[in-house]
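Colleague: Here it is, the structure in full.
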Amino acid sequence: LEAISEDLDLPLPMRQTAAAVASRVFFHLEEPSQALRLALEAGEQHFDPQTKTPYVESLITAALDAYIQERKRLLQDEDPIKEGGGANSGKASGTNEIGISMEQLQGMVYRLLDACCEEGRYDHALGIALEAQETDKLNGILMASGPDT
């Protein structure tokens, strides 16, 4: 299934369906990072982060963990004062160890933050933004939450 999802000679809908099924298999094998990678490859028609199921909640947790870890690594690499930091430490930003691009993770996290704000769960959105050190998002959430929060 995973090989089918990565075969660029096959039509996109077939690859996305194979990725969606493989994602579920990895979920049941308790490999949430691999399940997340494949779910993101499957696309939004196969993976809806707004659905409240154990599968989706597990992948959201994996996405948040991966995004926060990557953000902290990137912020540490930008700080030349910290030991081991600097532009050349670590690997190039773009794709992490499990093959998920930072753009994919960021897009999913931003959609999650937007959904939290739309539902009025500003405390949840603030917690995620604080943990990920997303100062721009923090400002937006605080402004959207109004004076009572």
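The values are calculated or read from the model by the stated rules, or taken from the named source; none is laboratory data. Keep in mind that what you see is a predicted model, and the values were worked out from it rather than measured. Note that we place each Cβ from the backbone using ideal geometry, even for glycine, and neighbour counts take in every protein chain shown. Calculation scope for accessible area: heavy atoms of the full protein, side chains included, ligands and nucleic acids excluded. Shrake-Rupley method; radii C 1.70, N 1.55, O 1.52, S 1.80 Å.
Colleague: Among residues belonging to the range 99-149 that are outside any helix (DSSP H, G or I) and under 12 Å from Leu64 (Cβ atoms), point out the one that is nearest to the chain's Cα centre (by Cα). Spell out the reasoning first.
Modeller: Here is the first cut: in the range 99-149, the ones outside any helix (DSSP H, G or I) are 99-101, 119-121, 132-134, 146-149.
Narrowing the set further to residues that are under 12 Å from Leu64 (Cβ atoms) leaves 132, 134.
Numbers: Ala132: 11, Glu134: 14 Å.
Ranking the candidates gives Ala132 first.
Colleague: Still on this structure: For Glu78, which of the numbered conditions (1) touching a Gly at 6+ places or on another chain (Cβ under 8 Å); (2) surrounded by fewer than 18 Cβ atoms within 10 Å (Cβ to Cβ); (3) at pLDDT 90 or above fails to hold?
Modeller: Of (1) touching a Gly at 6+ places or on another chain (Cβ under 8 Å); (2) surrounded by fewer than 18 Cβ atoms within 10 Å (Cβ to Cβ); (3) at pLDDT 90 or above, only one is false for Glu78: (3).
Colleague: For the range 109-149, how many residues are closer than 22 Å to Thr51 by Cβ, in contact (Cβ under 8 Å) with a residue 60 or more places away in the chain and in contact with a Leu (Cβ under 7 Å, 6 or more places away or on another chain)?
Modeller: Number satisfying all stated conditions: 1.
Colleague: Looking for whichever is open to solvent by less than 40 Å² (accessible area, probe 1.4 Å), at positive phi and either modelled with pLDDT of 90 or more or not charged (D, E, K, R) (or both) here; the options are Gly90, Gly94, Gly84. Which one fits? Can you show your working first?
Modeller: Details: Gly90 fails: open to solvent by less than 40 Å² (accessible area, probe 1.4 Å); Gly84 fails: open to solvent by less than 40 Å² (accessible area, probe 1.4 Å).
Just one listed residue meets the conditions, Gly94.
Colleague: Mind checking which helices (runs of 4 or more DSSP H) fall wholly inside the range 1-71 and carry at least 1 residues that are loosely packed, with under 12 Cβ neighbours inside 10 Å?
Modeller: Details: elements: 2-6, 12-28, 32-42.
Ranges flagged: 2-6, 12-28.
Colleague: Show the residue pairs that are 6+ apart or on different chains and have beta-carbon atoms under 7 Å apart, the first residue being within the range 34-62 and without any contact (Cβ under 8 Å) to a residue 12 or more places away in the chain, the second being surrounded by fewer than 19 Cβ atoms within 10 Å (Cβ to Cβ).
Modeller: Taking only residues 6 or more apart or on different chains, the pairs are Val56/Pro49.
Colleague: So Gly43 ticks every box in (1) among the small types (Gly, Ala, Ser); (2) touching a helix residue (DSSP H, G or I) at 6+ places or on another chain (Cβ under 8 Å); (3) at pLDDT below 90; (4) more than 20 Å from Arg111 (Cβ to Cβ) but one. Which box is left unticked?
Modeller: (4)
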